[in-house]
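Visitor: The structure that follows is given in the form of structure tokens.
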Amino acid sequence: MKSETNIKLPLSFIIFGIIAFVVAQSTLFFGHDFIANGQFRVPPIWSGSHFLLLGFAVMIAMGAMYQLVPVAFLTPIWNEKFGAVQFIVTALGITSFAILLGVHASYAIYGGAIAIIGILMFLFQMLKTLQAQSKKNVMSYFVIGALSALFLAIIAGFTLAWNFSFTPFVSQDPMLFTHITLGVAGWFTLLIFGFSYKLVPMFSLSHGFSMKWAKPAFLTYVIGLVLLIGSYWLETHSIQTVGWILLCGGFTFFGLDVREILTKRLRRKLDKPFAFAVFAIGIGFFVHLIAAILSIAQVKSPTVWSWVVFFYIMGWVIASILGYLYKIIPFLWWTYKYSERIGKEKVPTLKEMINEKASVILFTLFIISIIGLTIGGLYSIGIVVFLFQGLLTITSVLYAISVLKIFFI
Amino acid sequence: MSLLGSVKAALFEVIDPELGINIVDLGLIYDVQVEGNHAKITMTLTTPGCPLHDSITNGVKFRVNQLKGIDDVTVDLVWEPAWSPDKMSERAKEKLHFG
Ligand code: HEM
């Protein structure tokens, strides 16, 4: 059975995403003064954060799903032509939305509406594809959970953008927190959990592991999300704390499974980009632990929480994506260029297509930048934020160059 | 070399691009049969739903089809019995350990 997707579709998403990553970091650099003062709800930061989360992270996730869902679930994409239209609508929508957030927020809703149509088309595509899967497995639940969270996150986002343009009909603050929780923790975290159960054993060539914590991880994390969101609306701190403890617990269960998979691996030496994605899991665990402790300690400073969210996004979500992307791109390009030639002539291995040394330098610069930014931000030191956001912007350009170079091999 | 022998030898040249190890040493080949000019290869992959799925089975087809005396190749991809590490050769194990 031929289940592979035509490479052009995932590649379009991925190339768009890489460009958006550079645009995002440049926009955030432009807004460094606001970051240093702990002001995140201002046009340049709205714009930069959505170039990053929608333009880069969501687009990469979509591209990766077009590629991985058919092979991992053994069911072809429902309709690839529809996928191409979906790409165009989503790319136009996200670009116009992120630009409008920066220049004229009260018109952002129009770009946002197009972006939402694009994302809904994607959700429909995935629904149709997953429906065809005969036997659901644990991974399916994570993916379905993630897609449901994405749906709710964009609806919440729409009401936020609505409030910028028309008479508000819901209160902005709890809706913003709900939006961030659903978009960042619901959608991205559940998706990375789900795909890790496939990718970690595959890249480490692990055998005979149990995945016994997968179900508890899923349930605990989802209940944690529900409680956390409930606490914003009920304004009850104790529920928020229980929510964070459950999220931390869910993450721990997932971490236990990953640890077992890695101890049972046959491949001793992991390649660097994959090792970085595994490292990001460590950061993710650490951020969840810190958040739970801060909540128990009743820390309520908005600045501290803003930086927890920042570290959650950059240290866990974005870092995971940057690591896996370094594996996905060579794979896609290899399939396109060499899969017809395997067995016919000497073809490079995937490892030979990337520059591991450069990737280590880039990943190190990335980690240094986000630590520096967090310290500069927490202590409101303008020059530190300026320098480290500058370093992050340069790193993003170098990252883009280093992954786009693969296409010239 | 017999035709069967040539088919088996050719399979050593199909390399798993992720691991950089050929599919015979990885223990992915379960059975090879040649009847007249038709080769039938029964094989597996290390993980069901491996993204290199089509590439590797196509690679097998191409490589074996190139042999003189073979006009037709069938690749039967099976998941039973499931692949396990002890199916690998010592050479492959060593490469994974130190590679
Ligand atoms: C998975 C997708 C998304 C994620 C992860 C996400 C994440 C975020 C984050 C982290 C913020 C806070 C940024 C800041 O304060 O500067 C935010 C704010 C916002 N988001 Fe999103 N977002 C997503 C999609 C959307 C969509 C599709 C829309 C609208 C159509 C939207 C509309 C908004 C608006 C209007 C704000 C600003 C609200 C305010 O500060 O009052 N978002 N989003």
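The values are calculated or read from the model by the stated rules, or taken from the named source; none is laboratory data. Owing to the predicted nature of the structure, the values given are computational and were not obtained by experimental measurement. Using ideal geometry, Cβ is built from the backbone for each residue, glycine included, and neighbour counts are taken over all protein chains shown. Please note that ligands, DNA and RNA were not included when accessible areas were found on the heavy atoms of the full protein model with its side chains. Shrake-Rupley method; radii C 1.70, N 1.55, O 1.52, S 1.80 Å.
Visitor: Would you call residue A:61 more than 14 Å from every other protein chain (Cβ to nearest Cβ), farther than 30 Å from residue B:49 by Cβ and out of contact with any Lys or Arg (no Cβ under 9 Å at 6 or more places or on another chain)?
Guide: When the stated conditions are applied, residue A:61 does not pass them.
Visitor: Oh, and also: Would you check if there is a residue in the stretch A:358-381 being within 14 Å of another protein chain (Cβ to nearest Cβ) and surrounded by 15 or more Cβ atoms within 10 Å (Cβ to Cβ)?
Guide: The answer is no, given that none of the residues of the stretch A:358-381 is within 14 Å of another protein chain (Cβ to nearest Cβ) and surrounded by 15 or more Cβ atoms within 10 Å (Cβ to Cβ).
Visitor: Can you find even one residue in the stretch A:48-60 that is open to solvent by 10 Å² or more (accessible area, probe 1.4 Å), within 11 Å of the ligand (Cβ to nearest atom) and of a type in the set (Gly, Ala, Ser)?
Guide: yes
Visitor: Being away from chain B (no Cβ under 14 Å), more than 10 Å from the ligand (Cβ to nearest atom) and of a type in the set (S, T, N, Q) is the filter here, so list the residues in the stretch A:175-202 that pass it.
Guide: Those that are away from chain B (no Cβ under 14 Å), more than 10 Å from the ligand (Cβ to nearest atom) and of a type in the set (S, T, N, Q): A:178, A:189.
Visitor: Is one or more of the residues making up the stretch B:24-42 modelled with pLDDT of 90 or more and at the interface with another protein chain (Cβ under 9 Å from one of its Cβ atoms)?
Guide: No, there is no match, as no residue in the stretch B:24-42 is modelled with pLDDT of 90 or more and at the interface with another protein chain (Cβ under 9 Å from one of its Cβ atoms).
Visitor: Report, by residue number, each residue of the stretch A:6-43 that is surrounded by 21 or more Cβ atoms within 10 Å (Cβ to Cβ) and not hydrophobic (A, V, I, L, M, F, W, C).
Guide: A:10, A:17, A:25, A:27, A:31, A:32
Visitor: Moving to a separate point now. Filter the stretch A:200-240 for residues that are in a helix (DSSP H, G or I), among the hydrophobic types (A, V, I, L, M, F, W, C) and over 28 Å from residue A:179 (Cβ atoms) and give the result.
Guide: A:200, A:202, A:203
Visitor: Ok, one more. Would you call residue B:49 among the small types (Gly, Ala, Ser), under 20 Å from residue A:331 (Cα atoms), facing chain A (nearest Cβ under 8 Å) and out of contact with any Gly (no Cβ under 7 Å at 6 or more places or on another chain)?
Guide: When the stated conditions are applied, residue B:49 passes them.
Visitor: Return yes when residue A:286 is in contact with a helix residue (DSSP H, G or I) (Cβ under 6 Å, 6 or more places away or on another chain) and not basic (Lys, Arg) and no when it is not.
Guide: Here the answer is no, as residue A:286 does not meet what is asked.
Visitor: Continuing with the same structure: Residues that are more than 7 Å from chain A (Cβ to nearest Cβ), within 23 Å of residue A:340 (Cβ to Cβ), out of contact with any Gly (no Cβ under 8 Å at 6 or more places or on another chain) and of a type outside the set (A, V, I, L, M): does the stretch B:83-94 have at least one?
Guide: no
Visitor: Which of the following residues is open to solvent by less than 20 Å² (accessible area, probe 1.4 Å) and more than 14 Å from chain B (Cβ to nearest Cβ): A:164, A:218, A:142, A:158?
Guide: A:142
Visitor: Could you list, ordered by first residue, the pairs with Cβ atoms under 7 Å in which the first is in the stretch A:1-24 and more than 24 Å from residue A:72 (Cα to Cα) and the second is of a type in the set (Ser, Thr, Tyr) and at pLDDT 95 or above, at least 6 apart or interchain?
Guide: A:21/A:396; A:22/A:396
Visitor: Another one. Does residue A:77 fit the bill of being touching a residue at least 60 places away in the same chain (Cβ under 8 Å), over 21 Å from the mean Cα position of the chain (by Cα) and buried (at least 21 other Cβ atoms within 10 Å of the Cβ)?
Guide: Against the criterion (touching a residue at least 60 places away in the same chain (Cβ under 8 Å), over 21 Å from the mean Cα position of the chain (by Cα) and buried (at least 21 other Cβ atoms within 10 Å of the Cβ)), residue A:77 qualifies.
Visitor: Follow-up question, since we're still on this one. In the stretch A:333-346, what residues are surrounded by fewer than 19 Cβ atoms within 10 Å (Cβ to Cβ) and in a loop (DSSP other than H, G, I, E, B)?
Guide: Listed by number, the residues that qualify are A:340, A:341, A:344, A:346.
Visitor: Determine which single condition residue A:135 fails, assuming it passes every other condition in (1) out of contact with any helix residue (DSSP H, G or I) (no Cβ under 7 Å at 6 or more places or on another chain); (2) in contact (Cβ under 8 Å) with a residue 12 or more places away in the chain.
Guide: Just one mismatch for residue A:135, condition (2).
Visitor: Determine whether the stretch B:55-62 contains at least one residue that is away from chain A (no Cβ under 11 Å) and open to solvent by less than 30 Å² (accessible area, probe 1.4 Å).
Guide: Checked against the condition, which is being away from chain A (no Cβ under 11 Å) and open to solvent by less than 30 Å² (accessible area, probe 1.4 Å), the stretch B:55-62 yields no hits at all.
Visitor: Among the residues of the stretch B:67-99 satisfying the criterion of being open to solvent by 80 Å² or more (accessible area, probe 1.4 Å) and closer than 16 Å to residue B:33 by Cα, which is modelled with the highest pLDDT?
Guide: In this case the residue turns out to be B:71.
Visitor: Among the residues of the stretch A:257-270 satisfying the criterion of being open to solvent by less than 80 Å² (accessible area, probe 1.4 Å) and more than 21 Å from the chain's Cα centre (by Cα), which is nearest to residue A:325 (Cα to Cα)?
Guide: Filtering the stretch A:257-270 for residues that are open to solvent by less than 80 Å² (accessible area, probe 1.4 Å) and more than 21 Å from the chain's Cα centre (by Cα), the one nearest to residue A:325 (Cα to Cα) comes out as A:270.
Matching residues to (1) more than 12 Å from the ligand (Cβ to nearest atom); (2) under 18 Å from residue A:98 (Cβ atoms); (3) within 20 Å of the chain's Cα centre (by Cα); (4) among the small types (Gly, Ala, Ser):
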| position | (1), (2), (3), (4) |
| --- | --- |
| A:133 | yes, no, no, no |
| A:168 | no, no, no, no |
| A:173 | no, no, no, no |
| A:204 | yes, no, no, yes |
| A:230 | yes, no, no, yes |
